[in-house]
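What follows is one structure encoded as structure tokens, with my remarks underneath.
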Amino acid sequence: MGEKILEVKHLKTYFHTDAGLSRAVNDVSFSVEKGKTLGIVGESGCGKSITSLSIMGLVEIPPGEIAGGEIIFEGEDLLKKSEDEMNKIRGKKIAMIFQEPMTSLNPVFTIGQQITEALMLHETLTKKQARERGIEMLKMVKIPLAEKRFDEYPHQLSGGMRQRVMIAMALCCNPDLLICDEPTTALDVTIQAQILELINELKEKTGTSVMMITHDLGVIAEVADDVMVMYAGKVVEHATGDQIFEKPMHPYTEGLMHCIPKLDDDDTQRLSVIEGMVPSFDDMPAGCAFCPRCPEARQICRERMPELAEAQGRMVRCFKYTQEWEESGE
Amino acid sequence: MNEKMSQAPLLEVKHLRKLFPAKSGFLSKEKTFIKAVDDVSFTLMPRETLGVVGESGCGKSTMGRSVLRLIQPTSGEILYKGQDFMKLSGADLRRVRSEMQIIFQDPYASLNPRMTVGEIIAEPLNIQKKYSSKEETRDHVVKAMEVVGLNPKYYTRYPHEFSGGQRQRIGIARAIVLEPSLIVCDEPVSALDVSIQSQVLNLLKDLQSSMGMAYIFISHNLSVIKHISDRVMVMYLGHVVEMAKKTELFSNPSHPYTQALMSAIPLPERHSKRKKIILQGDLPSPANPPSGCIFHTRCFMAQEICSTQKPELKDIGGGHYCACHFCGKCQQGE
């Protein structure tokens with residue numbers, strides 16, 4: 001085990017909605033090791049983005065509420081920080097890249113103004129120094145004609161370029177942790193390949209730890225050292241990348257792996273599917289949240305939620321790997 | 001396959017072109033055009049699935065819509081069951097259109113929020129005046145709902161009450177209710193979660209084998225295209241760069257762009273030995289396409305000839321078409 005840069009313990013982020021209480025993140029614990037990439041994977045509504053927003057302190061309260069838990073970053077609990085203190089951490093020590101490069105840049109400011117904003121805020125630099133650093137960052141993310149682009153507006157750039165600008169902005173203060181929330185989902189595959197290569201390269205160069213949030217197991221396979229699979233607000237499996245792609249243990253992870261069409265499949269076969277759909281928060285099944293869709297569910301699964309427990313060198317939330325499963329033998 | 005060959009084609013598209021006027025200067029009389037679809041030709045057999053793949057802006061959606069004349073093509077010929085579809089108008093056009101349907105990408109935007117599921121699915125029947133009695137129409141709608149796996153008790157519900165996957169089923173029910181012989185599927189699964197995506201793909205395949213329609217299946221996702229298609233067409237900047245039977249295309253991709261596209265897909269496996277081709281730069285603007293071969297600005301194989309001379313789309317054997325000066329040679333170079 002290397003040094004932990006971030007440790008999330010029993011995080012609970014709830015939302016109060018008209019339809020009732022939504023437990024978007026329900027008792028989630030994990031840690032990110034220094035210099036490593038943690039991949040968080042799951043379908044829409046599984047709580048992966050809310051987890052990252054909670055770390056950044058960007059959950060809107062109300063309707064949101066951090067109902068419990070700790071987020072330990074460099075030895076201190078981020079949840080106990082004031083807004084002013086968080087402002088000093090956000091962008092400086094923890095930076096984030098969002099999914100939509102089109103909407104996360106401000107259309108009325110130039111690329112340069114937006115990059116230097118973070119630099120001027122967190123570091124004592126003159127305008128001229130900030131400009132130099134900004135251009136240097138644009139060069140680092142391989143934007144051609146960086147000096148010219150620096151004075152252009154977001155609409156003058158393509159989607160892939162804008163995402164590079166976002167990465168440059170995120171990395172300009174040398175953050176210790178970079179959170180990427182679906183950074184390539186809005187991009188074309190050939191551009192996605194460029195961006196993933198860039199993120200991997202920069203990670204090597206700067207030693208930044210990365211949290212990569214995505215629904216795409218292919219992206220996870222390429223970048224993640226560790227993988228955490230989430231379903232309906234809970235962690236269902238947490239293992240190393242090699243473990244999870246060699247043998248997924250949770251039935252949900254397994255289903256997820258099998259239902260993507262692959263280039264080397266036998267395509268005369270039907271795709272295997274996960275039946276049904278993700279339950280909505282006001283209609284959560286009793287017991288394991290996945291049991292209505294699980295091909296292996298037994299009576300015990302419908303009665304109680306299994307614990308996230310160690311099995312074969314990783315963490316899995318499934319009765320299949322417990323003593324009780326043998327005893328409940330059907 | 002042989003059976004298909006002997007049949008007459010369902011659809012023949014020849015030299016289809018769609019130009020969109022681009023903004024010109026305030027006083028300038030010169031008009032510039034964006035060539036969204038430039039000289040696309042193909043045939044589609046009954047019961048066949050033609051996969052169309054390419055990145056955003058390559059013209060695949062415009063092509064799909066032009067074929068149905070939802071967007072009026074600038075020039076070209078479309079023969080549907082041998083008759084000239086481009087020349088039809090009024091009642092004749094409407095009659096032929098009843099055999100062609102489309103499924104859209106965004107299941108949130110393509111359903112009218114003020115109509116119930118029943119009304120949405122019944123609309124094509126009403127427009128075509130298929131049945132005179134309401135009961136008969138209703139029976140057919142209910143049947144279509146059952147076929148796509150929607151519970152008929154949702155007949156009076158509204159689209160917002162459904163999840164993305166179920167909405168896409170409503171869109172599919174609307175497309176099949178007239179029992180068409182051609183459906184253009186425009187990115188039908190891109191907005192869906194992976195576990196739902198596989199359900200919808202299976203449904204589309206099942207419907208094809210039970211109802212026998214042909215699909216033009218448009219997607220940016222090569223894995224999905226490979227799963228569902230019989231033949232595949234790869235588009236780049238409005239042009240067809242490669243077209244072949246699926247097995248041939250995937251075992252022997254001949255255009256450098258197809259090769260790059262295939263190698264760029266992140267695969268869910270560790271330590272893949274695949275060599276990645278990472279293309280440099282962005283897609284050029286279709287308003288100002290590169291000279292010669294449209295792909296030469298990003299091509300890893302490009303030679304001098306590529307920037308001056310446009311390669312023809314030629315048959316390189318067994319119905320495998322490729323538009324590259326160095327077709328077949330790039331494998332040797334690898």
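The values are calculated or read from the model by the stated rules, or taken from the named source; none is laboratory data. Just so we're clear, the structure is a prediction, and the values are computed from it rather than from any experiment. Neighbour counts run over all protein chains shown; Cβ positions are idealised from the backbone, glycine included. Areas reflect the complete protein model, heavy atoms only, side chains present, ligands, DNA and RNA absent. Shrake-Rupley method; radii C 1.70, N 1.55, O 1.52, S 1.80 Å.
Filtering the stretch B:149-166 down to residues that are of a type in the set (S, T, N, Q) and assigned to a loop (DSSP other than H, G, I, E, B), which residue is most open to solvent (accessible area, probe 1.4 Å)? Outline the logic, then answer.
From the stretch B:149-166, those of a type in the set (S, T, N, Q) are B:151, B:156, B:163, B:166; that's our starting set.
Still in the list and also assigned to a loop (DSSP other than H, G, I, E, B): B:151, B:156, B:163.
Numbers: B:Asn151: 69, B:Thr156: 97, B:Ser163: 41 Å².
Across the stretch B:149-166, the extreme among qualifying residues is B:Thr156.
Residue-by-condition table, conditions (1) closer than 12 Å to B:Pro266 by Cβ; (2) away from chain B (no Cβ under 12 Å); (3) in contact (Cβ under 8 Å) with a residue 24 or more places away in the chain:
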position: A:Ile195; (1), (2), (3): yes, no, yes
position: A:Ile213; (1), (2), (3): no, yes, yes
position: A:Val227; (1), (2), (3): no, no, yes
position: A:Met249; (1), (2), (3): no, yes, yes
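Quickly run through the stretch A:303-328 and pick out the residues that are among the basic types (Lys, Arg) and at pLDDT 90 or above.
Keep residues of the stretch A:303-328 that are among the basic types (Lys, Arg), which gives A:304, A:314, A:317, A:320.
A:Arg314, A:Arg317 - these are the residues of the stretch A:303-328 that are among the basic types (Lys, Arg) and at pLDDT 90 or above.
Tally the residues that are touching a residue at least 40 places away in the same chain (Cβ under 8 Å), within 8 Å of chain A (Cβ to nearest Cβ) and of a type outside the set (S, T, N, Q), restricting the search to the stretch B:212-226.
3
Do we find that B:Met235 is under 25 Å from B:Met63 (Cα atoms) and open to solvent by 10 Å² or more (accessible area, probe 1.4 Å) in this structure? If you could, list the steps in order and put the result at the bottom.
Details: under 25 Å from B:Met63 (Cα atoms): yes; open to solvent by 10 Å² or more (accessible area, probe 1.4 Å): no.
No, not satisfied.
Which one is nearest to A:Gln129 (Cα to Cα) among residues in the stretch A:162-186 that are surrounded by fewer than 23 Cβ atoms within 10 Å (Cβ to Cβ) and within 14 Å of chain B (Cβ to nearest Cβ)?
Among those that are surrounded by fewer than 23 Cβ atoms within 10 Å (Cβ to Cβ) and within 14 Å of chain B (Cβ to nearest Cβ), it is A:Arg162.
Taking the stated definitions as given, is A:Ser280 modelled with pLDDT under 90 and within 11 Å of chain B (Cβ to nearest Cβ)? Even if it seems obvious, please write down each step before you answer.
Numbers: modelled with pLDDT under 90: yes; within 11 Å of chain B (Cβ to nearest Cβ): yes.
Criteria met by A:Ser280.
Just one of the numbered conditions (1) away from chain A (no Cβ under 11 Å); (2) within 23 Å of the chain's Cα centre (by Cα); (3) touching a residue at least 24 places away in the same chain (Cβ under 8 Å) is not true of B:Met301; which one?
For B:Met301, the failing item is (2).
Confirm whether B:Asn202 is surrounded by fewer than 24 Cβ atoms within 10 Å (Cβ to Cβ) and assigned to a helix (DSSP H, G or I).
On the way: surrounded by fewer than 24 Cβ atoms within 10 Å (Cβ to Cβ): yes; assigned to a helix (DSSP H, G or I): yes.
Criteria met by B:Asn202.
Would you check if B:Gln280 is open to solvent by 30 Å² or more (accessible area, probe 1.4 Å) and over 29 Å from A:Val223 (Cβ atoms)?
So B:Gln280 fails the test.
Any residue that is within 12 Å of chain B (Cβ to nearest Cβ) and open to solvent by 60 Å² or more (accessible area, probe 1.4 Å) - is there at least one of those in the stretch A:287-307?
Checked against the condition, which is being within 12 Å of chain B (Cβ to nearest Cβ) and open to solvent by 60 Å² or more (accessible area, probe 1.4 Å), the stretch A:287-307 yields no hits at all.
Out of curiosity, is A:Thr253 within 14 Å of chain B (Cβ to nearest Cβ), hydroxyl-bearing (Ser, Thr, Tyr) and buried (at least 17 other Cβ atoms within 10 Å of the Cβ)? Quick ask: steps written out before the conclusion?
Numbers: within 14 Å of chain B (Cβ to nearest Cβ): yes; hydroxyl-bearing (Ser, Thr, Tyr): yes; buried (at least 17 other Cβ atoms within 10 Å of the Cβ): yes.
Yes: the conditions hold for A:Thr253.
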